[in-house]
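What follows is a single structure, written as structure tokens, with notes after it.
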Amino acid sequence: MTPVELVSLFALGFFAGALGGLVGVGGSIVIIPILTLVMKYDQHLSQATAMIINIFVAGSALLAHERARAVRWDVVGRMVPIGLITIIVGVEASNALPGDMLTKIYGAFLLYVIAFNAVKLWEDRLPPEEPAPPRLGWWRTGMIGGLMGFVAGLLGIGGGPVNNPLLQRLCHLPLRDTIAVSSAVMSVTAMLGALRKNLTLSQLTDAAGNSLGLTLQDSLALAAVLAPTATVGALIGAGLTHRLPVGWVRVVFIVLMGWASARMLV
């Protein structure tokens, strides 16, 4: 890697980790588009690298959320078992798709992420409603954990963009609790998903059956550069979740994801 590339990766790791920890979307939602669109890495390699970073970002954010006593371990315990199964299913589905198809799927998913954050930006301006009592049955939390795991495996993301809105809408958990739960679940499921994705990198082929030439060493080298600053950024971002309003961050995030979605779909 050139010095310029190293500095760019350091900065990307910190920015992605801080943003992921602050708004609960996971750093990979930022890392993957930048690696793919700006630095021109293969989509599969970008996702494999991001899944390694998810472990560090989620673990660091979890420490901050646990210090704030925001983690609902009863919910985490119900989501993790099915999430461990479905994240492997998601990885296998990802490996069966060509990189350009995954890029377009990722771009379409970003449209959903943008819409969700735009709605939250509007709702944050409205008077708060009387909170409904939590609904934390096994089938609700298990279903959310399963969907979160599958999307995380398919797209290489942390799962927060799926988990957070569903826990709020279906289970009536407050936002800060859902962000903390996402970090805790990802701390477990991301390890298994990252292991499977990275160990199968060398087996991936293009549409003609030719090897993509990707190796575990490629993803580990990228992750080694991104992980330190992403970890620091996640610690800072997760801590700020409990002290700062996040409206202005959502605006920046929406603009960035709008750019990435347009590039990936086109």
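Of the residues that make up the stretch 73-96, is at least one modelled with pLDDT under 90 and either surrounded by fewer than 21 Cβ atoms within 10 Å (Cβ to Cβ) or more than 21 Å from V185 (Cα to Cα) (or both)? First the steps, then the outcome.
Filtering the stretch 73-96 for residues modelled with pLDDT under 90 gives none.
Within the stretch 73-96, none of the residues are modelled with pLDDT under 90 and either surrounded by fewer than 21 Cβ atoms within 10 Å (Cβ to Cβ) or more than 21 Å from V185 (Cα to Cα) (or both).
Kindly indicate whether any position in the stretch 72-79 is over 16 Å from the mean Cα position of the chain (by Cα), part of a loop (DSSP other than H, G, I, E, B), touching a residue at least 12 places away in the same chain (Cβ under 8 Å) and under 20 Å from I55 (Cα atoms). Checked the stretch 72-79: at least one residue is over 16 Å from the mean Cα position of the chain (by Cα), part of a loop (DSSP other than H, G, I, E, B), touching a residue at least 12 places away in the same chain (Cβ under 8 Å) and under 20 Å from I55 (Cα atoms). Of all the criteria given as (1) modelled with pLDDT of 85 or more; (2) of a type outside the set (A, V, I, L, M, F, W, C); (3) surrounded by 22 or more Cβ atoms within 10 Å (Cβ to Cβ), the one not satisfied by N163 is (1).
Evaluation of A64 against the conditions (1) touching a helix residue (DSSP H, G or I) at 6+ places or on another chain (Cβ under 6 Å); (2) at pLDDT 85 or above shows that the sole unmet condition is (2). Taken as a whole, the condition of being in a helix (DSSP H, G or I) and open to solvent by 80 Å² or more (accessible area, probe 1.4 Å) applies to L63. Every test in (1) touching a helix residue (DSSP H, G or I) at 6+ places or on another chain (Cβ under 6 Å); (2) at pLDDT below 80; (3) of a type in the set (G, A, S) is passed by A132 save one, and that test is (1). Is the stretch 199-209 home to any residue that is over 19 Å from L35 (Cβ atoms), free of Cβ contacts under 8 Å to residues at least 60 places away in the same chain, outside any loop (DSSP other than H, G, I, E, B) and touching a strand residue (DSSP E or B) at 6+ places or on another chain (Cβ under 6 Å)? Yes: the stretch 199-209 contains one or more residues that are over 19 Å from L35 (Cβ atoms), free of Cβ contacts under 8 Å to residues at least 60 places away in the same chain, outside any loop (DSSP other than H, G, I, E, B) and touching a strand residue (DSSP E or B) at 6+ places or on another chain (Cβ under 6 Å).
Inside the stretch 166-182, residues that are open to solvent by less than 10 Å² (accessible area, probe 1.4 Å) and of a type outside the set (A, V, I, L, M) make up a count of 3.
If you take the residues in the stretch 210-220 that are touching a helix residue (DSSP H, G or I) at 6+ places or on another chain (Cβ under 8 Å) and in a helix (DSSP H, G or I), which one is least open to solvent (accessible area, probe 1.4 Å)?
Of the stretch 210-220, the ones touching a helix residue (DSSP H, G or I) at 6+ places or on another chain (Cβ under 8 Å) are 211-212, 214-216, 218-220.
After this cut, where a residue has to be in a helix (DSSP H, G or I) as well, the list is 216, 218-220.
Values: L216: 57, D218: 59, S219: 0, L220: 86 Å².
Of everything passing the filter in the stretch 210-220, S219 is least open to solvent (accessible area, probe 1.4 Å).
Restricting the stretch 242-263 to residues that are modelled with pLDDT of 75 or more and over 17 Å from the mean Cα position of the chain (by Cα), the residue that is least open to solvent (accessible area, probe 1.4 Å) is A262.
Mind telling me which of the residues G239, G209 ends up being within 30 Å of V119 (Cα to Cα) and at pLDDT below 85?
On the way: G209 fails: within 30 Å of V119 (Cα to Cα).
Sole residue among the options that is within 30 Å of V119 (Cα to Cα) and at pLDDT below 85: G239.
When the stretch 97-125 is limited to residues that are among the hydrophobic types (A, V, I, L, M, F, W, C) and touching a residue at least 60 places away in the same chain (Cβ under 8 Å), the one that is most open to solvent (accessible area, probe 1.4 Å) turns out to be L111.
The values are calculated or read from the model by the stated rules, or taken from the named source; none is laboratory data. What you are looking at is a predicted structure, and each value in this text was computed from that prediction instead of being measured. Glycine also receives a Cβ, built like all others from the backbone with ideal geometry; neighbour counts cover every protein chain displayed. Protein only, heavy atoms only, side chains kept; ligands, DNA and RNA dropped before computing areas. Shrake-Rupley method; radii C 1.70, N 1.55, O 1.52, S 1.80 Å.
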